[in-house]
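S.K.: Below is a structure I'd like to ask you about.
The values are calculated or read from the model by the stated rules, or taken from the named source; none is laboratory data. Owing to the predicted nature of the structure, the values given are computational and were not obtained by experimental measurement. Cβ atoms come from the backbone with ideal geometry, glycine included; neighbour counts cover every protein chain shown.
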Amino acid sequence: MGWTAPLYRAYERRLLAGLPPDRLPKHVGVILDGHRRFARAEGLDSYTASYRTGMDKLRELLRWSAQLELPAVTAWVLSTDNLRRPLEELDPYFDVLIDLLGDLPSLAGDLGCSVKVIGSLELLPERLVEAAMVAEAAAAQQEKGWHFNLALGYGGRDEIVDACRSLVDKLLADGVAPSDLSSQIDIAGLSAHLYTANLPDPDLVIRTSGEARLSGFLLWQSAYAEYLFVDPYWPAFRRVDFLRALRDFARRERRFGQ
């Protein structure tokens, strides 16, 4: 950043000072997009360095969120669509994700947050699933002041299907007759079986890399979220970009469909 660093720090301080605490989001969703395009733009020999930079950026995001006392953050790092890529592309990313998961309990302890991994873990390699389970279990021993969800092997449609199945299973276990199931399925019931059932719905969703689409991220929960599509690729996402997104959110007049 060179000589511009003091300017950015001054701008960050100005943005921070202008953020009204009572208008910050309660739950921020982030779609971490653009790793491979960042690698090509930077002339990197492989995507691995870009993946590592991106996961370092995610660690930074958690620190920024803790400093701002945001109640919940969900970061989408791997989609079910991504799993259709060739294994030789996926394996290096799996390694980087395993390293991240290994760091999460310590980071969660430092920042005072819980960690939950959400998604269709049954679709993932055993080594990645094991790392996710170990990270969750270790982080569960930490103090839980706010919540971090890592969306891993996640697809929004898959989540809704899983929630429907879970709700039907519960209703049957509760003794509801199959002929009466449809009358017992409602918004509140289905919401209670989503991966994020213990959290407020995301009120701000940020996607990096200039792509203006959701790609299935938290489809049910984001019905009334505010969306911000920002140009930087995820590995190049800066604290100033995050603060600007929060500033823009705070300025919006939310109508919730009215």
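S.K.: Could you say which residue among 102, 119, 156 is closer than 25 Å to residue 36 by Cβ, modelled with pLDDT of 95 or more, in contact with a strand residue (DSSP E or B) (Cβ under 6 Å, 6 or more places away or on another chain) and surrounded by 13 or more Cβ atoms within 10 Å (Cβ to Cβ)?
M.R.: Sole residue among the options that is closer than 25 Å to residue 36 by Cβ, modelled with pLDDT of 95 or more, in contact with a strand residue (DSSP E or B) (Cβ under 6 Å, 6 or more places away or on another chain) and surrounded by 13 or more Cβ atoms within 10 Å (Cβ to Cβ): 119.
S.K.: Could you say whether any residue in region 216-234 is more than 30 Å from residue 54 (Cα to Cα) and assigned to a helix (DSSP H, G or I)?
M.R.: So far as region 216-234 goes, no, none of its residues is more than 30 Å from residue 54 (Cα to Cα) and assigned to a helix (DSSP H, G or I).
S.K.: A further question follows. Which of (1) of a type in the set (D, E, K, R); (2) surrounded by fewer than 20 Cβ atoms within 10 Å (Cβ to Cβ); (3) closer than 23 Å to residue 119 by Cβ is the odd one out, the single condition residue 203 does not satisfy?
M.R.: (2)
S.K.: Taking the options 52, 59, name whichever one is closer than 26 Å to residue 131 by Cα, under 14 Å from the mean Cα position of the chain (by Cα) and at pLDDT 95 or above.
M.R.: 59
S.K.: Output the number of residues of region 235-258 satisfying the condition of being closer than 20 Å to residue 8 by Cα and either among the aromatic types (Phe, Trp, Tyr) or outside any helix (DSSP H, G or I) (or both).
M.R.: 3
S.K.: If a residue must be among the hydrophobic types (A, V, I, L, M, F, W, C) and crowded, with 18+ Cβ neighbours inside 10 Å, how many such residues does region 189-198 contain?
M.R.: The qualifying residues number 1.
S.K.: Are any residues in region 40-89 within 19 Å of residue 233 (Cα to Cα), touching a Pro at 6+ places or on another chain (Cβ under 9 Å) and part of a loop (DSSP other than H, G, I, E, B), and if so, which ones?
M.R.: 42, 46, 47
S.K.: If I filter region 128-140 for residues that are among the acidic types (Asp, Glu), part of a helix (DSSP H, G or I), under 30 Å from residue 82 (Cβ atoms) and free of Cβ contacts under 8 Å to residues at least 24 places away in the same chain, do I get at least one hit?
M.R.: Taking every residue of region 128-140 in turn, at least one turns out to be among the acidic types (Asp, Glu), part of a helix (DSSP H, G or I), under 30 Å from residue 82 (Cβ atoms) and free of Cβ contacts under 8 Å to residues at least 24 places away in the same chain.
S.K.: Give me the residue from region 201-219 that is in contact with a His (Cβ under 7 Å, 6 or more places away or on another chain) and either modelled with pLDDT under 95 or among the acidic types (Asp, Glu) (or both) and, out of that set, farthest from residue 241 (Cα to Cα).
M.R.: 201
S.K.: Give me a count of the residues in region 192-236 that are under 24 Å from residue 23 (Cβ atoms) and among the hydroxyl-bearing types (Ser, Thr, Tyr).
M.R.: Within region 192-236, residues that are under 24 Å from residue 23 (Cβ atoms) and among the hydroxyl-bearing types (Ser, Thr, Tyr) number 5.
S.K.: Just to be sure, is residue 92 at pLDDT 95 or above and assigned to a loop (DSSP other than H, G, I, E, B)?
M.R.: When the stated conditions are applied, residue 92 does not pass them.
S.K.: Considering only residues that are free of Cβ contacts under 8 Å to residues at least 40 places away in the same chain and either more than 18 Å from residue 73 (Cβ to Cβ) or among the hydrophobic types (A, V, I, L, M, F, W, C) (or both), look in region 225-235 and name the one that is surrounded by the fewest Cβ atoms within 10 Å (Cβ to Cβ).
M.R.: Among residues in region 225-235 that are free of Cβ contacts under 8 Å to residues at least 40 places away in the same chain and either more than 18 Å from residue 73 (Cβ to Cβ) or among the hydrophobic types (A, V, I, L, M, F, W, C) (or both), the one surrounded by the fewest Cβ atoms within 10 Å (Cβ to Cβ) is 231.
S.K.: Another question, then. If residue 184 passes every condition in (1) out of contact with any strand residue (DSSP E or B) (no Cβ under 8 Å at 6 or more places or on another chain); (2) of a type in the set (S, T, N, Q); (3) closer than 27 Å to residue 58 by Cα but one, which one does it miss?
M.R.: The failed condition is (3).
S.K.: Among the candidates 238, 251, single out the residue that is surrounded by fewer than 20 Cβ atoms within 10 Å (Cβ to Cβ) and within 17 Å of the chain's Cα centre (by Cα).
M.R.: So the residue among 238, 251 that is surrounded by fewer than 20 Cβ atoms within 10 Å (Cβ to Cβ) and within 17 Å of the chain's Cα centre (by Cα) is 238.
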